Amino acid sequence: MVSVIIPSFNSQHTIEKCLYALVNQKCQHNYEIIVVDSSQDNTSKIILQKFPDIAYYSFFERKYPGEARNFGTTKANGQIFAFTDSDCIVEQDWIEKIIEAHKNPSPLIGGIIDNGNPESYVGWGHYFSEFSQWMPKTTPDHIEEIPAGCLSVKRWAFEKYGPFPAGTYSEDTLFNWRLRESQEQLLFIPGIKVRHINQTNFFKLLKKQAIHGKFFAIVRTSTKKLSLFRRSIFILFAPLLPFVLFYRICMRMIQNKTYVRQFIMASPMVFFLLISWSWGEFCGYLSKTRRF
């Protein structure tokens with residue numbers, strides 16, 4: 001069995017599309033859907049009315065994605081945990097492709113994250129600034145990181161290297177680091193695909209990028225045990241970070257040759273979003289060190 005685990009927070013605009021794609025899978029194997037929700041909007045009403053057969057757990061207090069996923073694994077029966085997000089729409093053969101892929105011994109396997117709302121200019125900016133590493137046409141290979149929007153892991157590996165850190169974003173990044181530091185190989189399979197519904201409000205997106213950049217720096221400082229000197233270097237060169245990140249995205253676009261026209265049009269917005277992320281990182285390196 002595969003256990004699909006979805007963290008949810010204020011997902012009323014996307015949760016129906018997400019769950020509809022999952023309950024209508026073309027799959028010959030058994031699978032279960034587990035939603036761990038801490039929403040304060042109408043998400044729970046939508047789920048309970050339209051998807052009464054899924055395993056639904058609701059919390060009053062806000063749960064970060066890692067905490068929600070951890071709780072979901074305690075209720076899961078599968079030997080494979082398949083993680084996606086409430087703003088992702090999986091392909092009809094997503095679960096079948098995951099099962100096939102896990103015949104490979106790699107403990108952690110992921111796939112393509114495509115743009116789920118290509119009609120939005122702001123959405124393209126969000127997409128390129130966050131998901132350029134996992135675009136369509138990316139070749140099958142071992143990869144450095146797999147995001148939790150399209151991540152599957154063998155149960156034994158999660159029990160060995162988990163859980164996700166609580167009370168933070170970038171929890172999937174830290175989880176990936178744990179496996180890589182133990183010399184485990186992370187496998188990217190292009191046949192496994194989800195579409196991400198991107199943020200369309202520019203100012204909300206700027207805020208989101210800054211928050212996530214800050215949490216990334218905090219997680220990195222703690223996990224990598226960065227000395228005060230190394231943190232000072234990151235702080236000193238923070239003004240260069242948007243240019244470095246933008247250059248990396250451009251190189252991926254040249255290599256991948258996917259969505260080139262859309263990237264050229266959205267590139268000013270992408271750069272602004274990278275500035276916001278970099279500001280968040282800068283603030284994160286100045287923050288108090290936390291333990292995860």
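The values are calculated or read from the model by the stated rules, or taken from the named source; none is laboratory data. None of the values given here were measured: they were computed from a predicted structure. Using ideal geometry, Cβ is built from the backbone for each residue, glycine included, and neighbour counts are taken over all protein chains shown. Surface accessibility is based on the protein's heavy atoms, side chains included, excluding ligands, DNA and RNA. Shrake-Rupley method; radii C 1.70, N 1.55, O 1.52, S 1.80 Å.
Normalised by the residues of region 27-66, what does the relative contact order come to in percent, with Cα pairs under 8 Å and at least six apart? Walk me through the numbers on the way to the answer.
Values: 34 pairs, mean separation 20.6, N = 40.
With pairs under 8 Å counted, the relative contact order is 51 percent.
When the convex hull of the C-alpha atoms of region 172-292 is computed, what volume per residue in Å³ does it have? Write down the numbers at each step before the final one.
On the way: hull volume 17.3 nm³, N = 121.
Taking only Cα atoms, region 172-292 has a hull volume of 143 Å³ per residue.
Using +1 at the Cβ of each Lys and Arg and -1 at the Cβ of each Asp and Glu in the chain, identify which of L226, H126, V2 lies farthest towards the dipole's positive end.
Going by the charge dipole, the pick is L226.
Just need the Rg to Rh number for the chain, please, alpha carbons only, Kirkwood Rh. Write out the running numbers ahead of the final one.
Values: Rg = 18.5 Å, Rh = 19.5 Å.
In the chain, Rg relative to Rh is 0.95.
Given the rule -39500 (n - 2.57) for each run of at least 4 DSSP H residues, summed and divided by the residues of the chain, what is its mean residue ellipticity at 222 nm, to the nearest 500 deg cm²/dmol?
Details: 11 runs with 138 residues, N = 292.
Result for the chain, helices only: -15000 deg cm²/dmol.
Once both axes come from the Cα atoms, what is the angle between helix 260-286 and the longest principal axis of the chain, in degrees from 0 to 90, rounded to 10?
Rounded to the nearest ten degrees, it is 80.
Given an 8 Å cut-off on Cα distances and at least 6 residues of separation, report the relative contact order of the chain as a percent. All intermediate terms of the calculation are to be shown ahead of the outcome.
On the way: 565 pairs, mean separation 60.8, N = 292.
This gives 21 percent for the chain.
Pick out, from L174, S38, F71, the residue whose Cα sits farthest towards the positive end of the charge dipole of the chain, with +1 on the Cβ of Lys and Arg and -1 on the Cβ of Asp and Glu.
Final value for the positive-end residue is L174.
Of all DSSP beta bridges in the chain, what percent run antiparallel (nearest 5)? Show your work: numbers first, answer last.
Values: 12 of 34 bridges.
Bridges in the chain are about 35 percent antiparallel.
When ligands, DNA and RNA are left out and all protein chains stay put, how many square angstrom of accessible area per residue does the chain have with a 1.4 Å probe?
Accessible surface, normalised per residue, equals 49 Å².
Using a 1.4 Å probe over the heavy atoms of the protein chains, calculate the carbon and sulfur portion of the accessible area of region 243-287 as a whole percent. Before the final figure, lay out the partial values.
Details: 1890 of 2560 Å².
In region 243-287, the share of accessible area belonging to carbon and sulfur is 74 percent.
Quick one: divide the alpha-carbon radius of gyration of region 29-83 by 2.2 N^0.38 Å and tell me what you get. Mind dumping the intermediate values first?
Working: Rg = 11.6 Å, N = 55, 2.2 N^0.38 = 10.1 Å.
My calculation over the Cα atoms of region 29-83 gives 1.15.
Report, in debye and to the nearest 20, how large the dipole of the chain comes out about its Cα centre when Lys and Arg carry +1 and Asp and Glu carry -1 on their Cβ.
Working: 34 positive and 25 negative charges, 182 e Å.
Charge dipole, the chain, about its Cα centre: 880 debye, nearest 20.
What ranking of E281, E61, E96 comes out by heavy-atom accessible area, probe 1.4 Å, highest first?
Order by accessible area, largest first: E61, E96, E281.
Which percentage, to the nearest 5, of the DSSP beta bridges contained in region 51-190 is antiparallel? Show your work: numbers first, answer last.
Values: 9 of 12 bridges.
Here the antiparallel bridges make up roughly 75 percent for region 51-190.
Need the C-alpha centroid separation for region 197-250 versus region 1-62, integer Å.
30
Once Rh is set to the Kirkwood radius over Cα pairs, what Stokes-Einstein translational diffusion coefficient, in µm²/s, holds for region 12-105 at a temperature of 37 °C and a viscosity of 0.692 mPa s? Write out the running numbers ahead of the final one.
Details: Rh = 14.1 Å.
It diffuses with D of about 233 µm²/s by this estimate.
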